[in-house]
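Asker: Can you keep this structure in mind? I'll have questions shortly.
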Amino acid sequence: MNPIRALVHELAKFGVVGSVNYVLDVAVFNVLIVGPLDHRPITAKTISTVLAATSSYFMNRHWTWRDRARSGIWREYGLFIVLSAVGLALTLGCLAFGEYVLHQDSWLARNIWGNVVGVALGMVWRFWSFKRWVFLPAEPVGEADDDAAHAALI
(Lines give C-alpha, C1' and ligand atoms only; values in the text may rest on other atoms or scores of the structure.)
Protein backbone atom coordinates (compact mmCIF):
# COMPACT_ATOMS: atom_id res chain seq x y z
CA MET A 1 0.00 0.00 0.00
CA ASN A 2 1.42 3.41 -0.91
CA PRO A 3 2.24 5.78 1.98
CA ILE A 4 -0.56 8.28 1.28
CA ARG A 5 -3.17 5.54 1.07
CA ALA A 6 -1.83 3.95 4.28
CA LEU A 7 -2.04 7.32 6.07
CA VAL A 8 -5.62 7.89 4.88
CA HIS A 9 -6.52 4.36 6.04
CA GLU A 10 -5.00 5.02 9.49
CA LEU A 11 -6.72 8.40 9.74
CA ALA A 12 -10.07 6.81 8.89
CA LYS A 13 -9.68 4.14 11.58
CA PHE A 14 -8.43 6.72 14.08
CA GLY A 15 -11.47 8.83 13.19
CA VAL A 16 -13.90 5.98 13.84
CA VAL A 17 -12.26 5.19 17.19
CA GLY A 18 -12.23 8.90 17.99
CA SER A 19 -15.89 9.27 17.09
CA VAL A 20 -16.97 6.44 19.37
CA ASN A 21 -14.90 7.78 22.25
CA TYR A 22 -15.95 11.37 21.55
CA VAL A 23 -19.57 10.32 22.09
CA LEU A 24 -18.54 8.59 25.33
CA ASP A 25 -16.56 11.65 26.46
CA VAL A 26 -19.34 14.15 25.65
CA ALA A 27 -22.05 11.97 27.20
CA VAL A 28 -20.19 11.46 30.48
CA PHE A 29 -19.17 15.15 30.59
CA ASN A 30 -22.76 16.33 30.11
CA VAL A 31 -24.18 13.90 32.66
CA LEU A 32 -21.64 15.21 35.16
CA ILE A 33 -22.11 18.96 34.47
CA VAL A 34 -25.90 18.79 34.67
CA GLY A 35 -25.66 16.57 37.73
CA PRO A 36 -23.15 16.13 40.53
CA LEU A 37 -20.40 18.34 39.07
CA ASP A 38 -22.46 21.27 37.77
CA HIS A 39 -20.01 23.82 39.24
CA ARG A 40 -16.88 21.79 38.51
CA PRO A 41 -16.55 21.56 34.70
CA ILE A 42 -12.78 20.98 34.79
CA THR A 43 -13.22 17.96 37.08
CA ALA A 44 -16.08 16.67 34.92
CA LYS A 45 -14.00 17.00 31.75
CA THR A 46 -11.04 15.27 33.37
CA ILE A 47 -13.17 12.28 34.39
CA SER A 48 -14.89 12.00 31.00
CA THR A 49 -11.60 12.26 29.12
CA VAL A 50 -9.83 9.63 31.23
CA LEU A 51 -12.68 7.17 30.57
CA ALA A 52 -12.66 7.90 26.85
CA ALA A 53 -8.84 7.76 26.62
CA THR A 54 -8.72 4.34 28.25
CA SER A 55 -11.32 3.02 25.82
CA SER A 56 -9.44 4.67 22.97
CA TYR A 57 -6.17 2.97 23.87
CA PHE A 58 -7.63 -0.51 23.58
CA MET A 59 -9.55 0.29 20.39
CA ASN A 60 -6.51 1.87 18.72
CA ARG A 61 -4.15 -0.92 19.84
CA HIS A 62 -6.40 -3.70 18.63
CA TRP A 63 -7.79 -2.10 15.48
CA THR A 64 -6.23 1.15 14.21
CA TRP A 65 -2.61 0.14 14.73
CA ARG A 66 -2.96 -3.62 15.26
CA ASP A 67 -0.29 -4.31 12.64
CA ARG A 68 2.32 -2.21 14.43
CA ALA A 69 4.97 -3.60 16.74
CA ARG A 70 3.90 -4.48 20.25
CA SER A 71 6.26 -3.04 22.80
CA GLY A 72 4.36 -4.16 25.89
CA ILE A 73 1.12 -2.96 27.38
CA TRP A 74 2.78 -1.12 30.26
CA ARG A 75 5.11 0.84 27.99
CA GLU A 76 2.40 1.57 25.44
CA TYR A 77 -0.36 2.35 27.91
CA GLY A 78 1.97 4.44 30.07
CA LEU A 79 3.04 6.55 27.10
CA PHE A 80 -0.53 6.66 25.85
CA ILE A 81 -1.71 8.08 29.19
CA VAL A 82 1.14 10.62 29.37
CA LEU A 83 0.49 11.81 25.81
CA SER A 84 -3.27 11.79 26.45
CA ALA A 85 -2.60 13.99 29.49
CA VAL A 86 -1.01 16.56 27.16
CA GLY A 87 -4.13 16.33 24.97
CA LEU A 88 -6.25 16.71 28.11
CA ALA A 89 -4.25 19.80 29.10
CA LEU A 90 -5.00 21.33 25.68
CA THR A 91 -8.70 20.54 26.12
CA LEU A 92 -8.83 21.82 29.70
CA GLY A 93 -6.96 24.97 28.68
CA CYS A 94 -9.65 25.75 26.12
CA LEU A 95 -12.45 24.96 28.59
CA ALA A 96 -10.82 27.04 31.33
CA PHE A 97 -10.29 29.94 28.92
CA GLY A 98 -13.99 30.00 28.07
CA GLU A 99 -15.10 29.38 31.66
CA TYR A 100 -12.77 31.62 33.67
CA VAL A 101 -11.36 34.21 31.25
CA LEU A 102 -14.40 34.85 29.07
CA HIS A 103 -16.89 33.92 31.83
CA GLN A 104 -18.87 31.78 29.40
CA ASP A 105 -20.24 29.19 31.79
CA SER A 106 -23.47 28.12 30.10
CA TRP A 107 -24.05 24.51 29.12
CA LEU A 108 -23.56 25.43 25.43
CA ALA A 109 -20.36 27.42 26.03
CA ARG A 110 -18.85 24.60 28.10
CA ASN A 111 -19.58 22.15 25.29
CA ILE A 112 -18.14 24.44 22.61
CA TRP A 113 -14.94 25.24 24.52
CA GLY A 114 -14.40 21.77 25.95
CA ASN A 115 -15.93 19.43 23.39
CA VAL A 116 -15.36 21.26 20.11
CA VAL A 117 -12.35 23.58 20.34
CA GLY A 118 -10.44 21.66 23.00
CA VAL A 119 -11.12 18.19 21.61
CA ALA A 120 -10.12 19.30 18.09
CA LEU A 121 -6.72 20.53 19.31
CA GLY A 122 -6.25 17.45 21.45
CA MET A 123 -7.16 15.14 18.55
CA VAL A 124 -4.43 16.53 16.29
CA TRP A 125 -1.89 16.14 19.10
CA ARG A 126 -3.01 12.59 19.92
CA PHE A 127 -2.92 11.27 16.35
CA TRP A 128 0.57 12.59 15.75
CA SER A 129 2.02 11.62 19.13
CA PHE A 130 0.45 8.13 19.32
CA LYS A 131 1.68 7.28 15.83
CA ARG A 132 5.13 8.70 16.63
CA TRP A 133 5.79 7.29 20.11
CA VAL A 134 3.20 4.73 21.24
CA PHE A 135 2.31 2.47 18.32
CA LEU A 136 5.70 1.96 16.68
CA PRO A 137 6.10 0.69 13.12
CA ALA A 138 6.58 -3.05 12.82
CA GLU A 139 10.08 -4.09 11.86
CA PRO A 140 10.13 -5.24 8.22
CA VAL A 141 10.25 -9.02 7.87
CA GLY A 142 13.79 -10.25 7.40
CA GLU A 143 15.52 -7.12 8.65
CA ALA A 144 16.09 -8.54 12.14
CA ASP A 145 17.49 -11.72 10.59
CA ASP A 146 19.84 -9.67 8.39
CA ASP A 147 21.05 -7.66 11.40
CA ALA A 148 21.62 -10.83 13.43
CA ALA A 149 23.51 -12.46 10.55
CA HIS A 150 25.64 -9.34 10.08
CA ALA A 151 26.40 -9.20 13.82
CA ALA A 152 27.42 -12.86 13.79
CA LEU A 153 29.94 -12.14 11.04
CA ILE A 154 31.59 -9.32 12.95
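Asker: Please verify whether segment 119-129 includes one or more residues that are closer than 21 Å to ALA6 by Cβ and in contact with a Phe, Trp or Tyr (Cβ under 7 Å, 6 or more places away or on another chain).
Answerer: Yes; the residues of segment 119-129 include at least one that is closer than 21 Å to ALA6 by Cβ and in contact with a Phe, Trp or Tyr (Cβ under 7 Å, 6 or more places away or on another chain).
Asker: Identify the residue in segment 78-103 that is among the hydroxyl-bearing types (Ser, Thr, Tyr) and touching a helix residue (DSSP H, G or I) at 6+ places or on another chain (Cβ under 6 Å) and, among all such residues, is farthest from LYS13 (Cα to Cα). Steps first, answer last, please.
Answerer: Let us first name the residues in segment 78-103 that are among the hydroxyl-bearing types (Ser, Thr, Tyr), namely 84, 91, 100.
Now drop any that are not touching a helix residue (DSSP H, G or I) at 6+ places or on another chain (Cβ under 6 Å), which leaves 84, 91.
Numbers: SER84: 18, THR91: 22 Å.
Looking at residues that are among the hydroxyl-bearing types (Ser, Thr, Tyr) and touching a helix residue (DSSP H, G or I) at 6+ places or on another chain (Cβ under 6 Å), I get THR91.
Asker: Moving on to the next point. Quick one: count up the residues across segment 16-68 that are assigned to a loop (DSSP other than H, G, I, E, B) and touching a residue at least 24 places away in the same chain (Cβ under 8 Å).
Answerer: 4
Asker: Quick one: would you say LEU102 is over 17 Å from ARG132 (Cβ atoms) and surrounded by fewer than 13 Cβ atoms within 10 Å (Cβ to Cβ)?
Answerer: Working: over 17 Å from ARG132 (Cβ atoms): yes; surrounded by fewer than 13 Cβ atoms within 10 Å (Cβ to Cβ): yes.
Answer is yes for this residue.
Asker: Given the criteria modelled with pLDDT under 95, open to solvent by less than 50 Å² (accessible area, probe 1.4 Å), assigned to a helix (DSSP H, G or I) and at negative phi, does ARG132 qualify?
Answerer: Here the answer is no, as ARG132 does not meet what is asked.
Every residue, every condition in (1) under 17 Å from the mean Cα position of the chain (by Cα); (2) at pLDDT below 95; (3) within 18 Å of ILE112 (Cβ to Cβ), yes or no:
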site: LEU24; (1), (2), (3): yes, no, no
site: THR43; (1), (2), (3): no, no, no
site: VAL50; (1), (2), (3): yes, yes, no
site: ALA89; (1), (2), (3): yes, no, no
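Asker: List the number of the failed condition for VAL119; all other conditions in (1) more than 22 Å from VAL16 (Cβ to Cβ); (2) surrounded by 14 or more Cβ atoms within 10 Å (Cβ to Cβ); (3) aliphatic (A, V, I, L, M) hold.
Answerer: (1)
Asker: Name the residues in segment 74-90 that are over 13 Å from TRP125 (Cβ atoms) and either open to solvent by less than 20 Å² (accessible area, probe 1.4 Å) or without any contact (Cβ under 8 Å) to a residue 12 or more places away in the chain (or both), would you?
Answerer: Those that are over 13 Å from TRP125 (Cβ atoms) and either open to solvent by less than 20 Å² (accessible area, probe 1.4 Å) or without any contact (Cβ under 8 Å) to a residue 12 or more places away in the chain (or both): TRP74, ARG75, GLU76, GLY78.
The values are calculated or read from the model by the stated rules, or taken from the named source; none is laboratory data. Worth saying up front: this structure is predicted, and the values here are computed from it rather than measured. Here the Cβ is made from the backbone with ideal geometry for all residues, glycine too, and neighbour counts use every protein chain on show. When the accessible area is computed, the model is the full protein with side chains, heavy atoms only, and any ligands, DNA or RNA have been set aside. Shrake-Rupley method; radii C 1.70, N 1.55, O 1.52, S 1.80 Å.
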